[in-house]
Amino acid sequence: MTLNRRHFLTLGGGAALAAGLAPWLTPRSASAAKAAASYPYTLTDEQWRARLTPAQYQVLRRDGTERPYSSPLNDEHRNGTFSCAGCEQHLFSSNTKFDSHTGWPSFWQPLPNAVGETRDTGFGMVRTAVHCANCGGHLGHVFDDGPRPTGLRYCMNGVAMTFTAQG
């Protein structure tokens, strides 16, 4: 193929556009901030892969997002505790769970010192990513459109958590 001016401009323009959009199209830029942090519970990547299901690994270790309405925890209404599927850290009480009609388990407040937050600018949006304070596993995002008393909506991936009923 000979490279004429039209091909050169088309290819060059496409490459420049891709390079300019790359930072906005990365899956989750919160990963870099999390990677720099250290957590009390750590495993090698190989150990995480052995410990977690493929879906759990994708969300917890690769900052993925499950499909809405795909987790049974979205419809979990018993009294109990929601914990990190990666390290078993207690994260949320069922007393703070509410139906946000988003398809993901939602809470208005985490347990004390259970989660951390990082700025997430992936996909051209600015959001606040939520991770387990013990292992750094990605849990979801927090938004300021929740109910009283906090006004917050911790929108969590159900696959990133387990549930233990009280009693």
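The values are calculated or read from the model by the stated rules, or taken from the named source; none is laboratory data. Keep in mind it's a predicted model, so treat the numbers as computed, not measured. Glycine also receives a Cβ, built like all others from the backbone with ideal geometry; neighbour counts cover every protein chain displayed.
Residue-level analysis places T96 among those that are crowded, with 19+ Cβ neighbours inside 10 Å, among the β-branched types (V, I, T) and under 23 Å from T164 (Cβ atoms). Of Y57, Y41, all but one fail to be of a type outside the set (S, T, N, Q), under 26 Å from R119 (Cβ atoms), surrounded by 17 or more Cβ atoms within 10 Å (Cβ to Cβ) and modelled with pLDDT of 95 or more; the exception is Y57.
Every test in (1) buried (at least 20 other Cβ atoms within 10 Å of the Cβ); (2) in contact with a Gly (Cβ under 8 Å, 6 or more places away or on another chain); (3) not in a loop (DSSP other than H, G, I, E, B) is passed by G140 save one, and that test is (2). Residues that are within 22 Å of L152 (Cβ to Cβ) and within 13 Å of the chain's Cα centre (by Cα): does the range 94-105 have at least one? Yes, that holds for at least one residue.
Specify the residue that is surrounded by the fewest Cβ atoms within 10 Å (Cβ to Cβ); the eligible residues are those in the range 111-137 that are in a loop (DSSP other than H, G, I, E, B) and touching a residue at least 40 places away in the same chain (Cβ under 8 Å).
First pass over the range 111-137, keeping only residues in a loop (DSSP other than H, G, I, E, B): 111-114, 121, 125-126, 133-137.
Those left that are additionally touching a residue at least 40 places away in the same chain (Cβ under 8 Å): 121, 133-137.
Details: T121: 15, A133: 23, N134: 22, C135: 20, G136: 23, G137: 29.
Filtering first and then ranking leaves T121.
Would you confirm whether any residue within the range 144-154 is touching a residue at least 60 places away in the same chain (Cβ under 8 Å) and either of a type in the set (K, R) or surrounded by 23 or more Cβ atoms within 10 Å (Cβ to Cβ) (or both)?
Restricting attention to the range 144-154, the residues satisfying the condition of being touching a residue at least 60 places away in the same chain (Cβ under 8 Å) are 154.
Filter once more, so that each one left must be either of a type in the set (K, R) or surrounded by 23 or more Cβ atoms within 10 Å (Cβ to Cβ) (or both): 154.
Within the range 144-154 (the criterion being touching a residue at least 60 places away in the same chain (Cβ under 8 Å) and either of a type in the set (K, R) or surrounded by 23 or more Cβ atoms within 10 Å (Cβ to Cβ) (or both)), the answer is yes, since at least one residue qualifies.
Considering only the range 66-98, how many residues are assigned to a helix (DSSP H, G or I) and of a type in the set (A, V, I, L, M, F, W, C)? Going through the range 66-98 one residue at a time, the tally reaches 1.
Conditions (1) over 17 Å from A55 (Cβ atoms); (2) of a type in the set (S, T, Y); (3) modelled with pLDDT of 95 or more; (4) touching a Gly at 6+ places or on another chain (Cβ under 9 Å), marked per residue:
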| position | (1), (2), (3), (4) |
| --- | --- |
| H101 | yes, no, yes, no |
| R127 | yes, no, yes, no |
| V130 | yes, no, yes, yes |
| G146 | yes, no, yes, no |
| F163 | no, no, yes, yes |
| G167 | yes, no, no, yes |
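Just wondering, is there one or more residues in the range 138-147 that are under 20 Å from S38 (Cβ atoms) and touching a helix residue (DSSP H, G or I) at 6+ places or on another chain (Cβ under 9 Å)? Yes, some residue in the range 138-147 is under 20 Å from S38 (Cβ atoms) and touching a helix residue (DSSP H, G or I) at 6+ places or on another chain (Cβ under 9 Å).
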